[in-house]
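A quick write-up on the structure given underneath.
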Amino acid sequence: MRRRDFVTLMAAAAVSFPRPVLAQKKPFRIGWLVFGDASLGPADQALKDALAQIGLVEGGNIRIVYRFAKANPTRLAELANELVEEKPDVLMALGGDVIRVLFDASKGSIPVVGGISDSPLRAGLAVSLAKPGKNFTGVTFLTDEMAAKRMELLNEVAPNTKHVAVIFNPQHLDDEVSFARRGAQSLGIEITTYPINNAGDFDAALRALNANGATSLFVIPSRLTRALADKVARYGLEQRLPVIAAWREFATSGALLSYGPNVVFEAKRVAGYVQKVLNGTKHADLPIEQPVKFELVVNLKTARSIGLPISRDFLLRADDLIE
């Protein structure tokens, strides 16, 4: 149930878009690299819907050239090169690992529009947020800089936590491990990191963290870990471990907590950038925007299943409670 609605006037402005795309004889061509498959996940589907809502209609004034990695990170570079060879008007993607390969493959020749978790400045994708100066623009979710806050929330809801297992994809473009480590150190919490480069690494990581006696699980979001959200949640329930991540999709899959930007909401904002670029706005001059909406989601069903009481004060701060 929803506790507060963060959709403010500022957020409304962020998803209201400028004039329709200029008419032309041939459809604009968008090269879209999708980490998953043709069924699309919630964020990718939200982006596709937002394109249509602002008048960018597939099969009408735009043609989308898709490439699907099917949750296999090793295919991203190959697929990015294929899209660049198609010479679309704009390249589009969601996720730091996906954006990185498009950015590298394009070699500055094609605008790249999308959303990433990391700071575009640290990632080398932009000179500044106000004026990117390179061929990437879009939105940053800044989930890495919120990692210390997530560690605080985990410590607050599960104060007996002394050893946290951190699962992450090292190919993903963010610095969340460093932020999480600093947050844990300030709380006297030990962390052990478990990198996974593909879905096959996940089971081995779970066996290792189980042997090391972790008392909580901290998942760093990426397209890969998102694809494993159900397995992550199931493991937490089986082992009676609190699981926390940045994206709502983890909590709805059964993780205990999520805190961060609403990625589905932010994905919709990317459509406005595509529209502006196709209208002729210079992509290097389009400011990269930061999140306008953050939310704390608590899965009460999971809390009961793992035997973890949560204080009323904490629950009152939540934006959503999953019963």
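Here are a few things to note about the model shown:
- Residue that is most open to solvent (accessible area, probe 1.4 Å), among those in the range 120-147 that are of a type in the set (S, T, Y) and at pLDDT 80 or above: S128
- Of all residue pairs spaced 6 or more apart or on separate chains, those with beta-carbon atoms under 8 Å, a first member in the range 301-320 that is hydrophobic (A, V, I, L, M, F, W, C) and a second member that is part of a helix (DSSP H, G or I) and open to solvent by 30 Å² or more (accessible area, probe 1.4 Å) are I306/L237; F314/E156.
- Note on the range 28-48: residues that are closer than 13 Å to E266 by Cα and open to solvent by 50 Å² or more (accessible area, probe 1.4 Å) total 3.
- Residue in the range 248-256 that is under 15 Å from L321 (Cα atoms) and of a type in the set (S, T, N, Q) present: yes
- L83 meets the stated requirement of being over 19 Å from the mean Cα position of the chain (by Cα) and assigned to a helix (DSSP H, G or I).
- Some residue of the range 40-63 being in contact with a Gly (Cβ under 6 Å, 6 or more places away or on another chain), at pLDDT 95 or above and closer than 27 Å to K26 by Cβ: no
- The set of residues in the range 149-188 being among the small types (G, A, S) and either modelled with pLDDT of 90 or more or crowded, with 21+ Cβ neighbours inside 10 Å (or both) consists of A158, A165, A180, G183, A184, S186, G188.
- Test: residue in the range 95-104 that is at pLDDT below 95 and basic (K, R): yes
- Entirely in the range 207-318, the strands (runs of 3 or more DSSP E) that have 2 or more residues that are surrounded by fewer than 23 Cβ atoms within 10 Å (Cβ to Cβ): 294-299
- Of the criteria (1) among the small types (G, A, S); (2) buried (at least 24 other Cβ atoms within 10 Å of the Cβ); (3) modelled with pLDDT under 90, which one G115 fails: (3)
- In the range 49-65, the residues that are open to solvent by 50 Å² or more (accessible area, probe 1.4 Å), at negative phi and not in a helix (DSSP H, G or I): V57, E58, N61, R63
- Taking residues in the range 179-207 that are closer than 25 Å to D230 by Cα and polar (S, T, N, Q), and partners anywhere that are modelled with pLDDT under 90 and assigned to a loop (DSSP other than H, G, I, E, B), the pairs with Cβ atoms closer than 8 Å and at least 6 places apart or on different chains are T192/N212; T192/A214; N197/N169; N197/P170; N197/Q171; N198/N72.
- Every pair of residues 6+ apart whose Cβ atoms lie under 6 Å, when the first sits in the range 284-295 and is under 30 Å from D320 (Cβ atoms) while the second is polar (S, T, N, Q) and in a loop (DSSP other than H, G, I, E, B): K293/N262; E295/N262
The values are calculated or read from the model by the stated rules, or taken from the named source; none is laboratory data. Just so it is clear, the model here is predicted, and its values are computed rather than measured. Because the Cβ atoms are built from the backbone with ideal geometry, glycine has one as well, and the counts that use them run over all protein chains shown. Surface accessibility is based on the protein's heavy atoms, side chains included, excluding ligands, DNA and RNA. Shrake-Rupley method; radii C 1.70, N 1.55, O 1.52, S 1.80 Å.
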